[in-house]
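*Asks:* Here it is: the structure, laid out below.
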Amino acid sequence: MKETSTPLETLHEIRNMMEKSSRFLSLSGLSGVFAGIFALIGAVVAFVRLNFSLWEPSYYSYAYSNGRLNREFIQFILTDALLVLAGALAAGYFFTARKAKKQGQSMWGLTARRLLMSMLVPLVAGGLFCLALIYHGSFGFVAPATLIFYGLALLNGSKYTLHDVRYLGITEIGLGVLSSFFIGYGLLFWALGFGIMHILYGTLMYYKYER
Amino acid sequence: MKELLIHLNKAFESKARLGIMSALMVNDKLDFNALKELLDLTDGNLASHLKALEEQGYLEVQKQFVGRKPNTTYGATPEGRKAFGEHLSALEKLISGNR
């Protein structure tokens, strides 16, 4: 029964088992990079389509025309956002499933379920809160709210995955709070938070763990 | 050297038992299937290791039913945690002693 391994190797095995059993380590940095790329594409499409200026606060003034809700704008921005989300989720699933397979881990194990559940609570709360903001016509606060709640979801989920996600979460929360003081620049902060930051942290994680 | 080795716990000599205890140090409870997946062992093999650790008093076992399926969860007892901690410090001492 006795297997010969040095004490150092044994300690490494213990550490590995502790990490493996409590954290979902198959999250791929490339998932983040592609989520970021899709977000940037979505932001560029919105900028071009709506003729936004980078330096003038606007996006929510488009939501109203003559004091009434601009349905066309709402439909366009929702479609744009949903397409970005679908693309990001698909790419996220693809690269993470690939990494999980390479590591011989299951994609839907205990740690993955814990990670999802811990993120889902802040995300659902944030989603409902944003619907309430739209319902009350506070469009300007939708961008800050999405960033803050997404950051909180990452911060909460980081207990169950790679440590770096924690810092991404804190960055998103910071950006969200900052953007709540610069109402009207929402699209710019979205591009920064969901686009640039995902690419930045994704690349970092890819080089750190997958090369 | 000899006196250091005394503190290494025989119960944790096998890789599988060490793995089970490591996983249960950071998780309050794990069920049989989760442990099986983590350790990549056969049912019979895992069951015998779990039995051995249970007999040492290091594991507490809870049997319940999820729907109609029996579900057994395992957790480390305080004695198990203490023994594992001592095993870890013994390993650390061995390493620093070798330098």
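The values are calculated or read from the model by the stated rules, or taken from the named source; none is laboratory data. Note that this is a predicted model, so its numbers are computed, not measured. Quick reminder, even Gly has a Cβ in these numbers, built from the backbone with ideal geometry, and neighbours come from all protein chains shown. Only protein heavy atoms, including side chains, enter the accessible area calculation; ligands, DNA and RNA are left aside. Shrake-Rupley method; radii C 1.70, N 1.55, O 1.52, S 1.80 Å.
*Asks:* With label points built 7 Å along Cα→Cβ from the Cα atoms of A:Leu200 and A:Val45, find their separation and express it in nm.
*Replies:* My value for the distance between the label points is 2.5 nm.
*Asks:* A follow-up question, please. Using only atoms on other chains, find how many Cβ atoms lie within 10 Å of each Cβ of peptide A:9-22 and report the average. Mind dumping the intermediate values first?
*Replies:* Details: counts 0, 10, 5, 0, 4, 11, 1, 2, 12, 8, 2, 6, 14, 4.
The per-residue average across the peptide is 6.
*Asks:* Sticking with this one: Could you work out [θ]222 nm for chain B from helices alone, using -39500 (n - 2.57) per DSSP H run of at least four and dividing by all its residues? Round to the nearest 500 deg cm²/dmol.
*Replies:* Numbers: 5 runs with 59 residues, N = 99.
Helix contribution divided over all residues of chain B: -18500 deg cm²/dmol.
*Asks:* First check a/c for the range A:69-124, with a ≥ b ≥ c the square roots of the eigenvalues of its C-alpha gyration tensor; if it is under 1.5, answer rounded, and if not, answer prolate when a/b is larger than b/c or oblate otherwise.
*Replies:* oblate
*Asks:* How compact is the range B:2-98 by the rule of thumb for globular proteins, expressed as Cα Rg over 2.2 N^0.38 Å?
*Replies:* Scaled against compact globular proteins, the figure is 1.16.
*Asks:* Still on this structure, please answer the following. Add -39500 (n - 2.57) for each DSSP H run of 4 or more in chain A, then divide by its residues: what number comes out at 222 nm, to the nearest 500 deg cm²/dmol?
*Replies:* Value at 222 nm, helices only, nearest 500: -23500 deg cm²/dmol.
*Asks:* Then there's this: How big is the C-alpha Rg of the range A:1-52 next to the rule-of-thumb value 2.2 N^0.38 Å, as a ratio?
*Replies:* Taking the Cα Rg and dividing by 2.2 N^0.38 Å, one obtains 2.28.
*Asks:* Taking only protein heavy atoms into account and a 1.4 Å probe, give the accessible area per residue of the range B:2-98 in Å².
*Replies:* Each residue of the range B:2-98 exposes 59 Å² on average to a 1.4 Å probe.
*Asks:* Right, another one. Which whole-Hz ³J(HN,Hα) couplings does the range A:97-111 yield from phi under the Karplus relation 6.51 cos²θ - 1.76 cosθ + 1.60, θ = phi - 60°, glycine and proline marked x?
*Replies:* 4, 5, 5, 4, 5, 4, 8, x, 9, 8, 6, 10, x, 4, 5
*Asks:* Oh, and also: Grab every C-alpha pair in the protein assembly as shown, bin the distances at 20 angstrom width from 0 up to the longest one, and report whole percents.
*Replies:* The calculated distribution, bin by bin, is 28, 43, 23, 6, 0.
*Asks:* Could you pull out the pairs from A:Lys208/B:Lys15; A:Lys159/B:Lys69; B:Lys29/B:Lys93; A:Lys102/B:Lys69; A:Lys99/A:Lys208 whose alpha carbons sit more than 20 Å apart here?
*Replies:* With Cα atoms farther than 20 Å apart: A:Lys208/B:Lys15; A:Lys159/B:Lys69; B:Lys29/B:Lys93; A:Lys102/B:Lys69.
*Asks:* Bin width 10 Å, origin at 0, all Cα-Cα pairs of the range A:61-211: what percent of pairs per bin?
*Replies:* Distribution as computed: 10, 36, 34, 15, 4, 0 percent.
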